[in-house]
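Input: a single structure, listed below in structure tokens.
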Amino acid sequence: MRPQRPLLATLLPLAMAAGLAPSSVWAESVMLTGTIGNRAILIVDGAAPRTVAAGEKLGSVKVVSVQGDQAVVEVGGQRTTLRMDQPASVGGGGGGGANGSRIVLPAGSGGHFMTAGAINGRSVNFMVDTGATLVSISAADALRIGLDYKKSSPVQINTANGVGRAFRVRLNTVRVGDVEVYDVDALVSEQPMPYVLLGNSFINRFSMQREGDQMVLQKRY
């Protein structure tokens, strides 16, 4: 197993801006990529960007208000404040099927690919990291989603702050959009992280290509 590379040095400055509030059930992934007056430019579940005015809906996502670089949206009676280029998970009425095979991720600020998703049915926020061997989760996120990682044997990893301790675990499911993968190896790190790193133990289940500013993952069979 190759230790996780020091991407944490890149992630930690983003923590201050990570105003994301994952919910406990599956929901839609929505990203605000821009505003024009009272209109919000939204990406829903990796689809093409659409401009939606306050009071209008894009699918099940209703734009309630737009102000500056923020927009309030509502899905199924649940309201969430979106901030520019930060993915959020909204709604959560129990979720649809997970029989999809294609994931389309738009590049956010700084060229990072981020998306809301779920681990073992609990919502998390992912950042794609093709340099990480495994999906990597902070201890705080692991506890929040009910992952009893301390039953696993600890391993040492190299981080930006030196050698740290982590626990190797296996995740029952990892889901992005309507695509779900089973039995995924992961690391739980005791070092704080603002996002869950979507590493190669998930990505290698797909063929990957870039299409402009989008990353396209096609599930292998």
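Among the residues of region 173-214, which ones are part of a strand (DSSP E or B), among the hydrophobic types (A, V, I, L, M, F, W, C) and at pLDDT 90 or above? Spell out how you get there, then give the answer.
Residues of region 173-214 that are part of a strand (DSSP E or B), as a first pass: 173-176, 179-189, 196-198, 206-211, 214.
Keeping just the survivors that are among the hydrophobic types (A, V, I, L, M, F, W, C) gives 174, 176, 179, 181, 184, 186-188, 196-198, 206, 208.
Matches in region 173-214: VAL174, VAL181, VAL184, ALA186, LEU187, VAL188, VAL196, LEU197, LEU198, PHE206, MET208.
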Q) From the list ALA166, ALA140, which residue is farther than 24 Å from GLY111 by Cβ and in contact with a strand residue (DSSP E or B) (Cβ under 9 Å, 6 or more places away or on another chain)? A) ALA166
Q. Quick check: is even one residue across region 75-82 modelled with pLDDT under 85 and small (Gly, Ala, Ser)?
A. yes
Q | Residue count, region 194-221 (criterion: farther than 14 Å from ALA107 by Cα, among the hydrophobic types (A, V, I, L, M, F, W, C) and surrounded by 23 or more Cβ atoms within 10 Å (Cβ to Cβ)) | A | 4
Q: Select from region 110-146 the residues that are of a type in the set (A, V, I, L, M) and part of a strand (DSSP E or B) and list them in ascending order.
A: MET114, ALA116, ALA118, ILE119, VAL124, MET127, VAL128, VAL135, ILE137
Q.
Filter region 40-72 down to the residues that are buried (at least 17 other Cβ atoms within 10 Å of the Cβ) and in a strand (DSSP E or B) and list them by number.
A. ALA40, ILE41, LEU42, ILE43, VAL44, VAL52, LEU58, VAL61, LYS62, VAL63, VAL66, ALA71
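The values are calculated or read from the model by the stated rules, or taken from the named source; none is laboratory data. Not measured: the values here are computed from a predicted model. No Cβ is skipped: glycine too gets one built from the backbone with ideal geometry, and neighbour counts run over all protein chains shown.
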